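Down below is the structure, laid out as structure tokens.
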Amino acid sequence: MAKIKIDEIRCKGCYLCITSCPQGLIKVSDRLNIKGTKPARFKGGKCTGCSMCAIICPDCIIQVYR
Amino acid sequence: MRKSNQKPVTRNQKKKKINKSQVENLIFSRPRSMRDVEMHYCAGCGHGLVHRLICETIDELGIRERTIGVAPVGCAVIAYDYWDFDVTEAAHGRTPAVATGIKRVRPESIVFSYQGDGDLAAIGTAEIIHTANRGENITVIFVNNGVYGMTGGQMAPTTLAGQVTDTTVEGRNLKRDGYPLKILEMMAVLPGAKYLERTSVHSPQEVLRTKRAIKKAFQTQIDNRGFSMVEVLAMCPTYWGMSPIKSADRIKNEVSTFYPIGVVKSY
Ligand SMILES: Cc1ncc(C[n+]2csc(CCOP(=O)(O)OP(=O)(O)O)c2C)c(N)n1
Ligand code: SF4
Ligand SMILES: [Mg+2]
């Protein structure tokens, strides 16, 4: 199973990854990061490793593993 | 027929299974030419995306040791902090002139100019047009977000009709403020301009397309064909006054209808 890692400390909360995941596996975290932003969080599940989230991430903080 | 078709499939599946249990492959991460530091850009800003695509291109073309970038004045003014290759800085709008000088004394270098729309389409209009007209063998990456981001969201020549900015509080009025400038289409008539393409970064598909365009533009320079430029429609959520997701939608529904995405000129 593929998976992603989001650097939640650096996430600025644009949430473009959330709208880009075809499987809907990313959500807004309910905890704040050090910036005072709710970062995007990987829920887990049937990740195909398509990398759409990482491709659209403006801050280049998503890694994809397959 | 079916049997012979099935065999390789099962063999492939077996191979994949072995891979899965043995190693976890990192298939997407920061390109090597991009420094591992946090960028100062606002959430959802298009600059970070374009920075990364340039780095990916440089890595894939294997030109990191001979690339020299020229950073603009604008929000991308400290792009040299994020790129791990040689970068210099130029006065507002003058990156094409500085890039010209570098390329002429170091023709073996791959030289690119990175510019915003205030930089390229306002104060630097003379430089960009004459650089293209001279057919300088450089590449220009033009990030069009339709406003002056760095200075607080004033109207740029590229601002759309009716768009609200700091200096057009009731929307851009064509009678008073003139018309939005289509730089690429203007430049297409110049024989020195060899490769011109407009792309966007509002969706993963468009990001991938932008990457292909940037790569083609750099390849144009490597092949010594002359001036190449990619205009990237980018989000400035802060001074568009909307969320990054709405900003991406705005490019798709509004900005790209006025500034059509596609190749404007190719050799
Ligand atoms: C000679 C000169 N004139 C004016 C300025 C002020 N100034 C700084 S950035 C900028 C516009 C930036 O807009 P753009 O190029 O679109 O970049 P963005 O921030 O939107 O990416 C202006 C007018 C300056 N720095 N130097
Ligand atoms: S003001 Fe606009 S262009 Fe500048 S960093 Fe913020 S979103 Fe990007
Ligand atoms: Mg701008």
Item checked: B:V230 β-branched (V, I, T) and farther than 23 Å from A:C14 by Cα -> yes
Next item on the list: Evaluate the following for B:T125: is it over 19 Å from B:L184 (Cα atoms), away from chain A (no Cβ under 14 Å) and away from ligand 2 (no atom under 14 Å from the Cβ)?
Entry: no
Note to self: Considering only residues that are touching a Ser or Thr at 6+ places or on another chain (Cβ under 6 Å) and aliphatic (A, V, I, L, M), which ones fall in region B:216-248?
What the structure shows: B:A217, B:V232, B:L233, B:M235, B:I245
Item checked: Identity of the residue in region B:223-267, basic (K, R) and not in a strand (DSSP E or B), that ends up nearest to ligand 3 (Cβ to nearest atom) -> B:R250
Margin query: Quick check on region B:129-161: of everything there that is hydrophobic (A, V, I, L, M, F, W, C) and part of a loop (DSSP other than H, G, I, E, B), which residue is farthest from ligand 3 (Cβ to nearest atom)?
Written below: B:I138
Notebook entry, point to check: From the list B:L184, B:L196, which one is in a helix (DSSP H, G or I), in contact with a Lys or Arg (Cβ under 6 Å, 6 or more places away or on another chain) and at pLDDT 95 or above?
Noted result: B:L184
Next item on the list: Keeping to region B:156-189, report how many residues are under 21 Å from the mean Cα position of the chain (by Cα) and away from ligand 1 (no atom under 16 Å from the Cβ).
Entry: 4
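The values are calculated or read from the model by the stated rules, or taken from the named source; none is laboratory data. Everything numeric here is computed off the predicted structure, so don't read it as measured data. Every residue, glycine among them, receives a Cβ derived from its backbone with ideal geometry; neighbour counts consider all protein chains shown.
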